[in-house]
1. Output the residues belonging to the range 292-332 that are in contact with a helix residue (DSSP H, G or I) (Cβ under 6 Å, 6 or more places away or on another chain), under 12 Å from residue 342 (Cβ atoms) and not in a helix (DSSP H, G or I).
2. What are the residues in the range 346-369 that are under 22 Å from the mean Cα position of the chain (by Cα), in a helix (DSSP H, G or I) and loosely packed, with under 14 Cβ neighbours inside 10 Å, if any?
3. Just one of 14, 65, 73, 50 is surrounded by fewer than 24 Cβ atoms within 10 Å (Cβ to Cβ) and near ligand 1 (Cβ under 10 Å from one of its atoms); which is it?
4. If you scan the range 5-17, which residues turn out to be farther than 18 Å from residue 38 by Cβ and more than 16 Å from ligand 2 (Cβ to nearest atom)?
5. Tell me which residues, restricted to the range 142-173, are within 16 Å of ligand 2 (Cβ to nearest atom) and in a loop (DSSP other than H, G, I, E, B).
6. Given the criterion within 12 Å of ligand 2 (Cβ to nearest atom) and touching a helix residue (DSSP H, G or I) at 6+ places or on another chain (Cβ under 9 Å), identify the matching residue among 244, 210.
7. Can you find even one residue in the range 268-275 that is more than 27 Å from residue 324 (Cα to Cα), at pLDDT 95 or above, away from ligand 2 (no atom under 14 Å from the Cβ) and buried (at least 17 other Cβ atoms within 10 Å of the Cβ)?
8. Kindly indicate which of 334, 317 is more than 21 Å from the chain's Cα centre (by Cα), in contact (Cβ under 8 Å) with a residue 12 or more places away in the chain and assigned by TED's automatic domain parsing to the domain that holds residue 192.
Ligand code: NAD
Ligand code: MG
């Protein structure tokens with residue numbers, strides 16, 4: 001099987017690498033990364049990839065040197081990275097973080113590859129476009145976000161018309177019990193400690209603010225086509241249940257597993273088969289109890305914003321995600337307080353709402369990227385006023 005991994009050096013990328021390295025039927029095509037060229041080169045050598053691509057032009061020399069004598073081609077820059085998605089592959093992992101992951105995944109669909117989609121931003125910003133592109137090229141998108149993989153698995157053999165609702169659990173993150181007053185002063189270090197999952201920095205902070213869950217609700221709508229009122233979030237601190245699907249006969253099918261992304265990645269890698277995977281088996285007696293609680297929309301406004309975006313559709317997802325990325329950058333840089341991230345996103349959407357393009361249907365990648373840029377500029381201007 002010919003395989004490419006976009007975002008190979010990240011958290012999902014490393015878990016994917018781990019699974020690929022255990023197999024002897026893998027022909028690695030393209031691996032991509034950022035500034036960690038030493039690790040990218042190591043991965044590319046180990047899997048015998050055709051090409052390794054760093055997103056940064058100024059990292060080219062270092063990557064080339066790290067690959068010297070390996071036979072692996074080196075390339076750098078955004079365009080080289082997107083072009084790598086044209087190289088014929090059967091299975092492509094989309095695990096770049098943020099809106100930057102959209103273009104390579106889109107191109108991988110155009111060559112008919114099966115796209116294992118960890119990059120939730122692709123569906124949030126350009127859901128209808130991604131789904132149409134997959135259909136047009138007879139390519140398949142397999143969800144890798146754990147919740148969406150769980151829903152996908154619960155739907156095997158089912159009629160989606162019989163689905164009443166989908167419940168997406170959220171751990172509630174490190175701030176689950178914090179008061180609104182305390183949240184005003186939440187720090188970066190505090191937001192960086194996820195109770196159950198080990199992930200990249202950005203998604204870890206998004207998990208604390210529930211912006212990650214907000215993206216996932218939108219992702220659920222776009223991937224499975226359920227209506228917003230069929231999609232619920234519930235706080236489930238143990239992160240043992242990854243999603244539940246409720247059918248019209250009242251049955252609720254839950255997917256349980258250890259919090260290890262190698263399950264969802266491995267499911268997508270082996271689909272439609274179930275292969276043996278190196279993930280921990282649950283000891284239910286040791287876990288003892290599973291808790292659930294309703295999410296508080298006041299302390300976690302991201303969920304409320306997600307509902308509005310799901311209703312608006314069109315380019316609202318692209319604007320929402322871009323404003324959220326700016327808010328996150330500003331929070332990481334110490335220029336925006338924790339709760340101001342949601343305020344900034346809400347103000348950006350409100351401002352762009354006066355522009356009719358926000359709810360215009362998504363038909364091309366270019367309009368999505370234009371909205372992304374417009375929302376980033378609007379958010380950056382608003383930040384200055386909020387400081
Ligand atoms: P990460 O930050 O650990 O890794 C991101 C990868 O993308 C790295 O290889 C990095 O070099 C590369 N990258 C970053 N910015 C880039 C850019 N502008 N252009 C090209 N490459 C760039 O992120 P992660 O936690 O592995 O998450 C990756 C994606 O998977 C995200 O969309 C995230 O929401 C999603 N996801 C992650 C997890 C998880 O457990 N980590 C779970 C579900 C979904
Ligand atoms: Mg998830």
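1. Answer for the range 292-332, where residues must be in contact with a helix residue (DSSP H, G or I) (Cβ under 6 Å, 6 or more places away or on another chain), under 12 Å from residue 342 (Cβ atoms) and not in a helix (DSSP H, G or I): 297, 299.
2. Selection gives 366 alone.
3. Selected residue: 14, the only one of 14, 65, 73, 50 that is surrounded by fewer than 24 Cβ atoms within 10 Å (Cβ to Cβ) and near ligand 1 (Cβ under 10 Å from one of its atoms).
4. The one that is farther than 18 Å from residue 38 by Cβ and more than 16 Å from ligand 2 (Cβ to nearest atom): 6.
5. 144, 145, 171, 172, 173
6. Going through 244, 210 in turn, just one is within 12 Å of ligand 2 (Cβ to nearest atom) and touching a helix residue (DSSP H, G or I) at 6+ places or on another chain (Cβ under 9 Å): 210.
7. Checked against the condition, which is being more than 27 Å from residue 324 (Cα to Cα), at pLDDT 95 or above, away from ligand 2 (no atom under 14 Å from the Cβ) and buried (at least 17 other Cβ atoms within 10 Å of the Cβ), the range 268-275 yields at least one hit.
8. The unique qualifying residue is 334.
The values are calculated or read from the model by the stated rules, or taken from the named source; none is laboratory data. The structure displayed is predicted, hence computed values, not measured ones. Counting neighbours? That spans all protein chains shown, and the Cβs are built from the backbone with ideal geometry, glycine included.
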